1. Could you tell me which numbered condition A87 fails, if it satisfies all but one of (1) among the aliphatic types (A, V, I, L, M); (2) crowded, with 18+ Cβ neighbours inside 10 Å; (3) modelled with pLDDT of 95 or more?
2. Among the listed residues I28, I78, identify the single one that is in a helix (DSSP H, G or I), modelled with pLDDT under 95 and loosely packed, with under 15 Cβ neighbours inside 10 Å.
3. Quick test for you: out of L42, L118, L60, pick the one residue that is modelled with pLDDT of 95 or more, surrounded by 15 or more Cβ atoms within 10 Å (Cβ to Cβ) and closer than 22 Å to L161 by Cα.
4. Can E41 be described as under 28 Å from I97 (Cα atoms), under 15 Å from the mean Cα position of the chain (by Cα) and of a type in the set (D, E)?
5. Which one is farthest from A13 (Cα to Cα) among residues in segment 99-111 that are aliphatic (A, V, I, L, M) and surrounded by fewer than 19 Cβ atoms within 10 Å (Cβ to Cβ)?
6. Among (1) at pLDDT 95 or above; (2) buried (at least 18 other Cβ atoms within 10 Å of the Cβ); (3) of a type in the set (G, A, S), which single condition is S72 missing?
Amino acid sequence: MTSSSAIRDILVAGLHNTHALEMEALQIMNRQVERLQNYPELEQALRAHIHETEQQRQRLEEAMSELQTSPSTIKQAIFGLMGNVAAVAHTPAKDEILKNMFANHAFENYEVAAYKALIVMAEAAGYSKITGFQQSLREEEAMAQKMKDMVEPITRKYISLEQRETTASH
């Protein structure tokens, strides 16, 4: 295997991994927004990011198409299952909203790292159309910041709702 084909293979694996990660993110966010009656600010942020994530998925698929590859159905299935499991894992917990906030904050930072690595891979492979990946990185960084900024107010709201004996978990 030549050095350039090895680098291309690394980029293709990175595209497959990041695409599967975005599919997992969609599963998680779609399940969460179904259960956020008491937290409209979080629901609004997730719904906006679902739209961004759909665009990110499309950018990744366009890059794969240009490289004459397609999403990995195995990775999609595994990450999709993981997304569904993650989305329902916190459901029975009384403090579901807090657990979801912690997970969202961590997941968004994971995606930031994935896009940073994908950009390096694309540059190494000589892939010239990395502006879409840079846009996705900026969107993930903004969402990671938004999740970070929401941890304290959501926690305060959760405490307030619990004190009033309201269903605070979602």
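1. Only one criterion in (1) among the aliphatic types (A, V, I, L, M); (2) crowded, with 18+ Cβ neighbours inside 10 Å; (3) modelled with pLDDT of 95 or more is unmet by A87, namely (3).
2. On the way: I28 fails: loosely packed, with under 15 Cβ neighbours inside 10 Å.
Exactly one of I28, I78 is in a helix (DSSP H, G or I), modelled with pLDDT under 95 and loosely packed, with under 15 Cβ neighbours inside 10 Å, namely I78.
3. Details: L118 fails: closer than 22 Å to L161 by Cα; L60 fails: closer than 22 Å to L161 by Cα.
After applying the criteria, what remains is L42.
4. Working: under 28 Å from I97 (Cα atoms): yes; under 15 Å from the mean Cα position of the chain (by Cα): no; of a type in the set (D, E): yes.
So E41 fails the test.
5. A103
6. Only one criterion in (1) at pLDDT 95 or above; (2) buried (at least 18 other Cβ atoms within 10 Å of the Cβ); (3) of a type in the set (G, A, S) is unmet by S72, namely (1).
Here's the yes/no breakdown for (1) among the basic types (K, R); (2) at pLDDT below 95:
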| position | (1), (2) |
| --- | --- |
| S5 | no, yes |
| L15 | no, no |
| T18 | no, no |
| R35 | yes, yes |
| E52 | no, no |
| G83 | no, yes |
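The values are calculated or read from the model by the stated rules, or taken from the named source; none is laboratory data. None of the values given here were measured: they were computed from a predicted structure. When we count neighbours, we look across all protein chains shown, and the Cβ atoms used for this are built from the backbone with ideal geometry, even at glycine.
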